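Throughout, read-outs are computed from the coordinates displayed, never taken from laboratory work. Model, not experiment: these values are computed from the prediction. Cβ: placed from backbone, ideal geometry, glycine included. Neighbour counts: every protein chain shown.
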Amino acid sequence: MQNPFLTYLQNLGRISVFGYGVTSKPLVKWLNTQGIACDIYDDKFDRANPTKLANPACKNKSRDEMRDGLNTFAPPSKFDPSTSKLEFISPGIAPHHRYFSKALHIISEYDFVDRLLDSSADSNAESSLDSGDCDLDSQSLQTKVPQTKTPQIIWISGTNGKTTTTQMLSLLLEDKGAKAGGNIGTPLIELYEEGAKIWILETSSFAMHWSKVAKPQIYILLPIREDHISWHGSFEAYIDDKLNVLVRMEAESSAILPLELQNHRFVKAFRGKAVFYAGSCDLERFLGLESESSTDSNTKSNLAESNLDSSLKSCLDSNLDSSAGSNTKLKISFGEPFLLDGLLALCAQKILCNTYDIAKLNTFHIGAHRIEEFLDSYGYIWVDDSKGTNTDATLQAIKRYEGKSLYIVLGGDDKGADCEEIFQLLQSRQNASQNTQKIEASQAHNQDNHPCQAQKQKVITHIFTIGTNEPKLLHFAQKYHIKATACENLKNAVMQIKSQIKQDSTSKDEFIGLLSPAAASLDQFASYKERGKLFKRYVLED
């Protein structure tokens, strides 16, 4: 029996597609092979331009039908909501888009594929669709009665660490037939065609905003910090979009969530099994691992002291069992922030398989542009953290190099987020260094009257700004008394750092040249990847 949703799509004949990129192109191709035409709207098209279906002959259409069976490409201004019956939206398109906000029947990639997976949609849903009630972003989609889906589906979201956690979990579950998708890996429509057994989906807040029906069996949420504020409208709306899926998830599902969100209304509405964490030590406890951090009085697990219900505490205690096996004797080879990513992946493996594999996790290699260290020809350490596109990512990178002279490149499109916390941390770091120097100088003076012989090299903090938010960065640098140089672009920033090293006489052992912009790249680059590659090129040029 043919999938009812596919039948509905074929009866529509045409679908509007908003945006034409990595998400929508595979879907358009799939729709075309089903004999379904698309009206595609994207800023890259300056006028309407029809083209033939990818494989129109497969449906044996007549000449008259073929005349209408064409994809069209047009700018967004050409979209007419009165003639469109269904609109597939690329996740990055903002809700307040000038033209697409007029659409009445928007469906996301996640909901689209969820409908295909749900081949047992009830007759009420079919009747609703056949009658022309196509408001798929609200109650009409809720009328379906999803049962067990063929694949196991895991969503991974959060502000930072999504990609690394997704890749780590994919490695851990590769022998179970797992494949990564969403923001990375395979498009969802291709996962559907391939019949992958486990879908591990890196899921953005954009995709979650547009999705009203789809839901995972396991949801992993990394810590949430300010990001994409201009897109969502507020930090509160950003949090809501990250959490609203919990309301839809089944009682048999599981979620791993930051402890600070436990009182959010969507978290309280969650019917499944929740594991909360305040840091890595809580996840280590869930796995039954011994950890120095979990026994430290200053970082002791918050789980035992929090107002969690007894069922959660029982769930945690039940995991301190023999299933950990020899894993308890192994040490995870990653430091923060990657330790948290790895522990979350292990916890998901534990929930899904009732076991976990630290040895396999330790074979994982951190991807490019995420706190990626390399040496120049003189032996100085430089760090490509171009994927640090928000404040929290940059804070983590700075903390990693405590005690080092830090020459940091900041700037780009900050998406409306508040970056002041970076300067507060840099000021605290600078003050701590100055206080340490004073103490060491005093001690040296008391010992032998030669303080200069005992003093360590001064720890330097110097910002080099680029991008559209450069004026804001320079303002905060002045406010917090952090040395800053306006560079406008990345190449100039690297040249300025190289020059400054010589002026400061900074030694190789003390120097860190860090690109962690705390901002998106699209104001000056095609992507964060291009920004990172150019950073390396400029550094390695003599």
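Give the peptides 208-216, 502-510, 409-417 in descending order of average Cβ contacts within 10 Å, highest first.
Values: 208-216: 22.7, 502-510: 12.9, 409-417: 24.2.
Highest-to-lowest ranking by the protection proxy: 409-417, 208-216, 502-510.
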*Net charge near Lys179, counting Lys/Arg +1 and Asp/Glu -1 over other residues with Cβ under 13 Å of its Cβ?*
-4
*For region 372-540, what proportion of DSSP beta bridges, expressed in % and rounded to the nearest 5, is antiparallel?*
20 percent
*Charge dipole (debye, nearest 20) of region 372-540; +1 at Cβ of Lys and Arg, -1 at Cβ of Asp and Glu*: 280 debye
*For Glu290 and Gln503, compute 0.36 nm times the residue count separating them, minus their Cα-Cα distance, and round to one decimal in nm.*
72.0 nm
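Rank by packing, highest mean first: peptides 252-259, 345-352, with packing defined as the count of other Cβ atoms within 10 Å averaged across residues. Don't jump to the answer; show the numbers that get you there.
Numbers: 252-259: 19.8, 345-352: 23.9.
Descending mean neighbour count gives 345-352, 252-259.
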*What chymotrypsin sites (Phe, Trp or Tyr not before Pro) does region 356-395 have in DSSP loop regions with at most 16 other beta carbons within 10 Å?*
Tyr378
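Determine, for each peptide in 532-538, 175-181, the mean count of other beta carbons within 10 angstrom over its residues, then list the peptides with the highest first. List each step's numbers first, then the result.
Details: 532-538: 19.4, 175-181: 17.6.
Taking the mean over residues of other Cβ atoms within 10 Å, the ranking is 532-538, 175-181.
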